1. How much area per residue is accessible in chain B when the probe is 1.4 Å and only protein heavy atoms are counted (Å²)?
2. Quantify how strongly other chains surround peptide A:75-83 by giving the mean number of their Cβ atoms within 10 Å of each of its Cβ atoms.
3. Roughly speaking, to the nearest percent, how much of chain B's 1.4 Å accessible area is carbon and sulfur?
4. Between B:PHE54 and A:ILE12, what is the label-point separation in nm under the 7 Å Cα-to-beta-carbon projection?
5. Using the Cα centre of segment A:29-113 as origin and beta-carbon charges of +1 (Lys, Arg) and -1 (Asp, Glu), tell me which of A:CYS91, A:VAL112, A:VAL32 is placed farthest towards the positive end of the dipole.
6. How big a patch of accessible area, both sides summed and in Å² to the nearest 100, lies buried between A and B at a 1.4 Å probe?
7. Charges at C-beta only: +1 for Lys and Arg, -1 for Asp and Glu. How large is the resulting dipole of the protein assembly as shown about its Cα centre, in Debye rounded to 20?
8. With +1 on the Cβ of every Lys and Arg and -1 on the Cβ of every Asp and Glu, and nothing else charged, how large is the dipole of chain A about its Cα centre, in debye rounded to the nearest 20?
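The values are calculated or read from the model by the stated rules, or taken from the named source; none is laboratory data. A quick note: this is a predicted structure, and the numbers were derived from the prediction, not measured. Note that each Cβ is placed from the backbone with ideal geometry, even for glycine, and that neighbours are counted across all protein chains shown. Areas reflect the complete protein model, heavy atoms only, side chains present, ligands, DNA and RNA absent. Shrake-Rupley method; radii C 1.70, N 1.55, O 1.52, S 1.80 Å.
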Amino acid sequence: KAGVTQTPRYLIKTRGQQVTLSCSPISGHRSVSWYQQTPGQGLQFLFEYFSETQRNKGNFPGRFSGRQFSNSRSEMNVSTLELGDSALYLCASSPGQGAYEQYFGPGTRLTVT
Amino acid sequence: AQKVTQAQTEISVVEKEDVTLDCVYETRDTTYYLFWYKQPPSGELVFLIRRNSFDEQNEISGRYSWNFQKSTSSFNFTITASQVVDSAVYFCALSEVILTGGGNKLTFGTGTQLKVEL
């Protein structure tokens with residue numbers, strides 16, 4: 001089975017712009033979660049989608065949003081980018097119900113200048 | 001609130017040494033899951049193990065072993081006969097079981113950088 005894929009792998013944006021990141025889960029997985037990794041804050045949970053619905057949400061401002069499509073692919077959007085949004089954004093997929101292990105993609109490295 | 005503490009920021013060992021990575025967690029839940037992930041320089045988090053709160057049996061997988069002790073809220077990870085390829089950042093994580101709506105979210109520790117040298 002192919003693993004979790006994320007596009008793009010690297011992105012450079014300017015403060016104030018918006019960005020959309022994409023994630024394709026492992027085939028058959030219905031849950032997609034997003035995490036932000038920074039040197040200062042470590043790995044933090046952003047949100048989880050399951051069957052096109054946001055099921056859980058972390059403590060991030062409303063500038064961070066996401067969605068999931070009927071084929072389980074997910075996108076996350078960050079509007080009005082700030083310098084502090086520079087991070088590695090990781091997507092993870094799992095089969096769905098219960099606390100299954102999550103399988104992570106390679107991440108998207110976002111740099112905000 | 002849930003919390004995971006990995007007090008060891010960085011560990012350096014010589015190849016073939018055994019090394020133990022510590023993980024201490026806090027949760028008020030009676031049902032929860034614990035995980036270990038490995039993050040090599042490429043950045044992708046690699047799943048290593050999942051353990052639920054009702055299963056305190058130790059686990060061994062090749063050179064890897066895990067010791068879960070509920071009494072001390074610890075879930076330590078030992079690599080036997082370490083190799084250079086084991087060099088990575090290792091994360092311990094805790095997942096609460098969300099009863100309403102289901103799903104889960106991982107709370108990660110800050111990670112331990114393991115360097116294995118020849």
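1. Result: 50 Å² of accessible area for each residue.
2. Other-chain Cβ atoms within 10 Å of each residue's Cβ, averaged: 0.
3. Carbon and sulfur together cover 49 percent of it.
4. Roughly 5.3 nm, to one decimal.
5. Highest projection toward the positive end goes to A:VAL32.
6. In total, this chain pair buries about 1700 Å².
7. So the magnitude is around 780 debye.
8. In debye, rounded to 20, chain A gives about 160.
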